[in-house]
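Trainee: Below you'll find the structure I mean.
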Amino acid sequence: MIFGSYNRKRKADPEYEAKLGREMMERPERFIQSILFDSQDRKISGFKFKTDEAFNPDFRAYTDALVGDTDIKVIHLMRRNLVDQYISHWMVLNQTGVTLIHSEDQRPKMQPFKADIDHAIEYCREVVAREKQSIELYGGHRSIKVVYENLVEKDEHRAETLNFLGVPIRPLETGIKKIIKDSRALVLNFDDLVDGLRRAGLAGRLS
């Protein structure tokens with residue numbers, strides 16, 4: 001998602017949106033520097049580059065460009081609660097297709113499901129492995145590990161992140177709503193799922 005003047009132009013002009021799409025795919029380094037890092041009078045600018053993309057050959061040009069520019073600061077954003085992450089991802093892929101909402105009336109309807117515990121274990125282990133690989137990938141950059149839940153809940157973690165970025169400390173705001181309010185209510189075998197993940201050595205990432 002692109003913000004600011006680029007987003008306004010994209011919405012107003014389909015041809016401009018197509019041009020951005022071509023530039024994104026054909027000239028990744030130029031797209032990063034001229035579009036994504038155009039702060040538009042803000043103190044800083046940035047974007048999200050998921051680990052799924054970083055290790056996907058289709059995005060190799062972006063990975064190479066980012067790894068090669070050690071002036072870029074990297075925030076390794078991860079979830080403390082892998083149960084919630086797994087359930088959220090499962091819901092997107094298998095029921096809703098919705099990754100973000102801005103109002104309560106946009107929240108999709110969700111039906112409880114029985115989790116495949118072996119699949120959940122494999123998924124969570126892969127997440128942990130990719131986290132480690134990502135830290136190694138950007139080893140030459142200034143970086144910080146940020147736990148999503150801590151960023152939301154704890155003032156000191158927000159302050160640490162803002163200090164790392166070099167911007168004044170202030171309350172963080174978002175117009176995005178949390179889609180899933182109660183993960184337990186969506187998994188018919190929730191206790192078995194948690195027990196299976198704990199037995200698989202993931203006890204430290206379950207809350």
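Trainee: Is there a residue in the stretch 136-146 that is more than 30 Å from Q106 (Cβ to Cβ), outside any loop (DSSP other than H, G, I, E, B) and among the polar types (S, T, N, Q)?
Mentor: Yes, because at least one residue in the stretch 136-146 is more than 30 Å from Q106 (Cβ to Cβ), outside any loop (DSSP other than H, G, I, E, B) and among the polar types (S, T, N, Q).
Trainee: If a residue has to be in a helix (DSSP H, G or I) and of a type in the set (S, T, Y) to count, how many in the stretch 52-85 make the cut?
Mentor: Here the count works out to 2.
Trainee: Right, something else. Show the residue pairs that are 6+ apart or on different chains and have beta-carbon atoms under 9 Å apart, the first residue being within the stretch 133-148 and surrounded by 14 or more Cβ atoms within 10 Å (Cβ to Cβ), the second being of a type in the set (V, I, T) and in a loop (DSSP other than H, G, I, E, B).
Mentor: Y138/T70; Y138/I72; H141/T70; H141/I72
Trainee: A further question follows. Report, by residue number, each residue of the stretch 57-86 that is farther than 27 Å from L165 by Cα and surrounded by fewer than 17 Cβ atoms within 10 Å (Cβ to Cβ).
Mentor: P57, D58 - these are the residues of the stretch 57-86 that are farther than 27 Å from L165 by Cα and surrounded by fewer than 17 Cβ atoms within 10 Å (Cβ to Cβ).
Trainee: Moving on. Within the stretch 183-207, work out how many residues are of a type in the set (D, E, K, R), touching a helix residue (DSSP H, G or I) at 6+ places or on another chain (Cβ under 7 Å) and more than 21 Å from E149 (Cα to Cα).
Mentor: 1
Trainee: Sort out for me the helices (runs of 4 or more DSSP H) sitting completely within the stretch 148-207 that have 3 or more residues that are under 30 Å from D71 (Cα atoms).
Mentor: Counting at least 3 such residues, we get 148-153, 155-165.
Trainee: Determine, yes or no, whether Q106 is in contact (Cβ under 8 Å) with a residue 40 or more places away in the chain, over 20 Å from Y123 (Cβ atoms) and of a type outside the set (K, R).
Mentor: Yes: the conditions hold for Q106.
Trainee: OK, next. Every residue in the stretch 15-46 that is more than 20 Å from the chain's Cα centre (by Cα) and part of a loop (DSSP other than H, G, I, E, B), please.
Mentor: Within the stretch 15-46, R27, D38, S39, Q40, D41, R42, K43 meet the criteria.
Trainee: Quick check on the stretch 87-105. Is at least one of its residues surrounded by fewer than 17 Cβ atoms within 10 Å (Cβ to Cβ) and charged (D, E, K, R)?
Mentor: Yes, the stretch 87-105 contains at least one residue that is surrounded by fewer than 17 Cβ atoms within 10 Å (Cβ to Cβ) and charged (D, E, K, R).
Trainee: Quick test of your reading of the structure: E126 fulfils all but one of (1) in a helix (DSSP H, G or I); (2) surrounded by 16 or more Cβ atoms within 10 Å (Cβ to Cβ); (3) over 15 Å from the mean Cα position of the chain (by Cα). Name the failing condition by number.
Mentor: (2) is the only condition that E126 fails.
Trainee: Sticking with this structure for a sec: With respect to the numbered conditions (1) in a helix (DSSP H, G or I); (2) of a type outside the set (G, A, S); (3) in contact with a helix residue (DSSP H, G or I) (Cβ under 7 Å, 6 or more places away or on another chain); (4) buried (at least 16 other Cβ atoms within 10 Å of the Cβ), which one is the sole condition not fulfilled by F49?
Mentor: (1)
Read-outs throughout are calculated quantities, based only on the coordinates presented, and are distinct from any laboratory measurement. Quantities reported herein were computed from a predicted structural model and do not represent experimental measurements. Cβ atoms come from the backbone with ideal geometry, glycine included; neighbour counts cover every protein chain shown.
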